[in-house]
Structure formats: structure tokens, C-alpha cells
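Take a look at the structure below.
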Amino acid sequence: MASSNRTATQKASIVPNSLRRSGAYVNNWVENLSETKFAYLVLAPTLVIFTAIALWPILFTLRTSMYADSFSQFTGAFVGLQNYVEIVTGQRGAILIRPFFDLSNPFQSILPTTMIYTAVSVVLITALGFVQALVLNKTFRGRSIVRTAVLIPWAVPIVIQGMIFYLMFIPGGFGTRILHDIGLVGARPLSNSASTVGIVTLAAIWKRSAYVALIVLAGLQSIDEHLYDVAKVAGASRWQQFRMITLPQAIPTLMVAMLLTSIGSMRVYGQIDAIANCSTMPSITCAVVGTFNGSLYGTASALAFLTALLIGSVSMIYLVVLSRSRAGGI
């Protein structure tokens with residue numbers, strides 16, 4: 001026992017005093033950190049790696065967007081912001097097949113088509129999802145079965161869903177006959193840009209309203225039931241309970257659902273490609289994919305970066321409104 005203690009003492013003496021002092025300093029420094037700072041310290045390596053992984057594609061895309069297109073090599077000469085200017089001003093119309101911004105014919109223009117589809121789909125998807133969540137939040141027989149059934153459209157792959165709506169709206173299809181008889185579409189709706197936007201919007205509502213309902217339902221179930229009990233004792237009607245309790249409490253969750261729906265709508269591609277094609281319903285993502293497949297990497301990168309700026313701007317608006325709603329400003 002004595003020999004082992006002497007060995008341990010000898011090993012400890014081998015460690016320089018400076019290292020022992022620095023180790024003690026680090027231990028004391030870590031122990032004196034607050035819980036928040038300690039959490040950031042533990043997460044720092046992951047955050048650094050994640051930031052590097054996220055920043056590299058963004059910086060590479062930004063760099064590529066400032067070079068001309070070239071068929072002989074990856075990129076051509078450095079042109080600065082020329083790609084952006086020519087895209088926005090319509091000088092790349094021949095490359096993009098459709099103009100980027102033309103309000104005289106919005107359903108034949110990339111940005112207006114994307115924003116019209118986004119605005120309409122976000123409003124309708126959120127409204128229908130909210131109604132579904134209100135129904136599913138009630139207690140009734142077979143509620144679990146109904147909740148499962150509501151999620152089925154969301155679980156259907158986009159390709160299969162696209163084929164379903166394509167077959168519904170081909171000439172002579174079930175959906176075409178119904179809408180044509182009431183005068184909403186022509187005999188070939190998928191050949192008309194405005195009709196195609198409506199059909200793709202309908203497909204998005206069918207698929208994604210269940211996802212919104214799931215998000216909003218989680219928010220509704222977090223509302224304190226005692227608020228409703230107090231309102232009933234005070235003699236509040238169902239409409240007053242909804243207006244004064246349910247809706248204000250659900251607004252933050254609705255804003256999150258609208259943000260996610262907006263992001264998905266602004267970068268829509270799969271539904272368009274599966275139901276119609278990008279030439280009938282031009283969108284920003286369709287333009288990115290088309291130019292990238294054509295090896296026009298400078299133009300594709302500029303379009304991709306414009307898409308990111310658009311999504312980022314809309315997201316910031318949502319976040320500002322959401323922060324104000326949580327602070328009681330709405």
C-alpha cells in the first residue's frame with residue numbers, strides 16, 4: 001500500500017505545476033458558468049459544425065452566381081451582379097422560357113405566379129387546417145380514427161398525389177368534367193396557366209392542410225381548460241369563448257404553421273412537375289431546376305440566391321409578427 005501511494009505521488013509530481021494550476025482554473029471557470037452559458041459551451045462544437053455545413057453551400061452559391069454561364073467549363077468570366085440584373089429586368093427571358101417579373105401577364109411570369117400561388121395556398125391551407133384542428137380537438141366517438149384518416153393525404157407521396165390530380169384533370173377526367181360544367185375551367189385545364197395554378201393549389205390544400213391541422217391541434221391542446229370554465233361561469237357564449245380565448249391563444253401556433261406553409265409554397269416544384277409541367281406553371285424553383293439541368297450554373301445560382309432572399313424576407317416578416325403577438329401587441 002505504501003509503495004502504491006509513493007508511485008501515485010511520483011506520477012503526480014511529474015505533472016508540471018503550471019498544468020495543474022491551469023486545469024484547476026478551467027474547472028473553476030466551468031463551475032462558475034450559468035446554466036445558459038454552460039449550455040452554449042456544450043453546444044458550441046455542434047453549432048460550429050452546423051454553421052460551417054450551412055454556410056458553405058450559401059457562400060459557394062453566391063460566388064457561382066457572380067460568374068457567367070459557360071458550356072465548356074463550370075463557370076465563365078466574373079460578371080458581378082450582372083446575372084441578377086438581367087434576371088430581374090427580363091433580359092434572361094429566352095433562357096428562363098418565361099419572364100421573371102411581368103405583371104401584364106402574371107400567370108406567365110415566374111415571380112408573380114409563385115407569389116399568387118403562395119398567397120392563395122397559405123390562406124386556404126391555414127384556414128382549412130385550423131377548422132380541422134378545431135373539430136379534432138372536440139371529444140366525440142371515433143375521434144382517434146378520424147385523426148388518423150385526416151393525416152392520410154399528408155402521408156401520400158407527392159408523385160402519387162400528382163398522378164391522382166393529373167388523372168382527375170386530364171381532358172375528360174372526373175375533376176375536369178365537374179369544373180367545366182360549372183364554367184370554372186376549359187376542356188384542357190392543364191394547358192392553361194391560370195387553371196393549372198388553381199389545380200396545383202387544390203392539390204396543396206388536400207395534402208398539406210392536415211399537417212397544419214396537426215400543428216394547430218398541438219397548440220389548442222395546450223390551452224388551459226380553466227379559462228373556458230371561467231368563461232362559462234361568466235356566461236360567455238361559444239363564439240365569445242372562441243374570440244376571446246381560443247383564437248388569441250392559437251395565433252402564435254397559426255403563425256408558425258403559416259411560416260412553414262409559406263416556405264414550402266415558395267419553393268414548390270414536385271407538385272407542379274407531377275401534375276402539369278414547369279412551362280405551364282412557371283415557379284422560381286422550376287426556373288432553378290431548368291437552368292441547372294441546362295448547365296447554366298451562373299443563372300441557376302443567381303435564381304437560387306434570389307429564392308433564398310425571398311424566403312428569408314418573408315420569414316423575417318412572420319417572425320416579427322410572431323414576436324409581437326407573443327408580446328401582446330396583436
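A few points about this structure:
- Against the criterion of being over 17 Å from Phe100 (Cβ atoms), surrounded by fewer than 19 Cβ atoms within 10 Å (Cβ to Cβ) and out of contact with any Cys (no Cβ under 7 Å at 6 or more places or on another chain), Val289 does not qualify.
- Which numbered condition Gly173 misses (of (1) surrounded by 15 or more Cβ atoms within 10 Å (Cβ to Cβ); (2) small (Gly, Ala, Ser); (3) within 24 Å of Ser265 (Cα to Cα)): (3)
- Restricting the range 136-190 to residues that are basic (Lys, Arg) and assigned to a loop (DSSP other than H, G, I, E, B), the residue that is modelled with the highest pLDDT is Arg188.
- Checklist (1) part of a helix (DSSP H, G or I); (2) within 26 Å of Asp273 (Cβ to Cβ); (3) not aromatic (Phe, Trp, Tyr) applied to Gly219, failing item: (2)
- Test: Ile95 is assigned by TED's automatic domain parsing to the domain that holds Ser265, outside any loop (DSSP other than H, G, I, E, B), modelled with pLDDT of 90 or more and out of contact with any His (no Cβ under 8 Å at 6 or more places or on another chain): no
- Members of the range 239-256 that are of a type outside the set (A, V, I, L, M, F, W, C) and surrounded by 15 or more Cβ atoms within 10 Å (Cβ to Cβ): Gln241, Thr246, Gln249, Pro252, Thr253
A quick yes/no check of all residues on (1) under 20 Å from the mean Cα position of the chain (by Cα); (2) without any contact (Cβ under 8 Å) to a residue 24 or more places away in the chain; (3) under 21 Å from Ala257 (Cβ atoms):
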residue	(1), (2), (3)
Met168	no, yes, no
Pro189	no, yes, no
Thr196	no, no, no
Thr201	yes, no, yes
Ala213	yes, no, yes
Ile223	no, no, yes
Arg238	no, yes, no
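- Among (1) modelled with pLDDT of 85 or more; (2) surrounded by fewer than 14 Cβ atoms within 10 Å (Cβ to Cβ); (3) in a loop (DSSP other than H, G, I, E, B), the one test that Val85 misses: (3)
- Meeting the requirement of 2 or more residues that are in the same structural domain as Ser191 (by TED's automatic domain parsing), at pLDDT 85 or above and touching a Lys or Arg at 6+ places or on another chain (Cβ under 9 Å), the helices (runs of 4 or more DSSP H) wholly within the range 225-305 are 247-266, 284-293.
- Subset tally (residues that are part of a loop (DSSP other than H, G, I, E, B) and in contact (Cβ under 8 Å) with a residue 60 or more places away in the chain) for the range 98-114: 3
The values are calculated or read from the model by the stated rules, or taken from the named source; none is laboratory data. Quick caveat: nothing in here was measured; it's all calculated off a predicted structure. In this analysis, Cβ positions are derived from the backbone assuming ideal geometry, glycine residues included, and neighbour counts consider all displayed protein chains.
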